[in-house]
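Every number in this text was worked out from the coordinates using simple rules, so none of it is lab data. Just so it is clear, the model here is predicted, and its values are computed rather than measured. Methodologically, a virtual Cβ is constructed for each residue, glycine included, from the backbone with ideal geometry; neighbour enumeration extends over all protein chains shown.
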Amino acid sequence: MGDTVITQGVVTAAYKTGGFNGFYLQTAGSGGENDATPDASDGIFVFAPSATDVAVGDDVAVKGTVTE
């Protein structure tokens, strides 16, 4: 925790209002029978109040500090 990391994936849900102020990002190709990363976490919530132009289906890369 506290490390700065970069990750990339597909936006699966976007919450621009309502208090969440962010989006869920999932590793491309994950899930289902042919999971590209079977032993790793495939999703993350990105708290990004200023990311108002992110939409479901977008392929994005994010850089930030890991917190719990």
**OP:** Decide, for the chain, between rounded, prolate and oblate: order the square roots of the alpha carbon gyration tensor eigenvalues as a ≥ b ≥ c, take rounded if a/c falls under 1.5, and otherwise choose prolate if a/b is larger than b/c, else oblate.
**Re:** oblate
Original post:
Residues in segment 24-68 near a label at THR4, defined as backbone nitrogen under 12 Å from the 7 Å Cα→Cβ point?
Top reply: 63-66
Subject >> Pairwise label distance in nanometres, LYS16 with GLU33, each label 7 Å out on the Cα-Cβ vector >> reply: 3.8
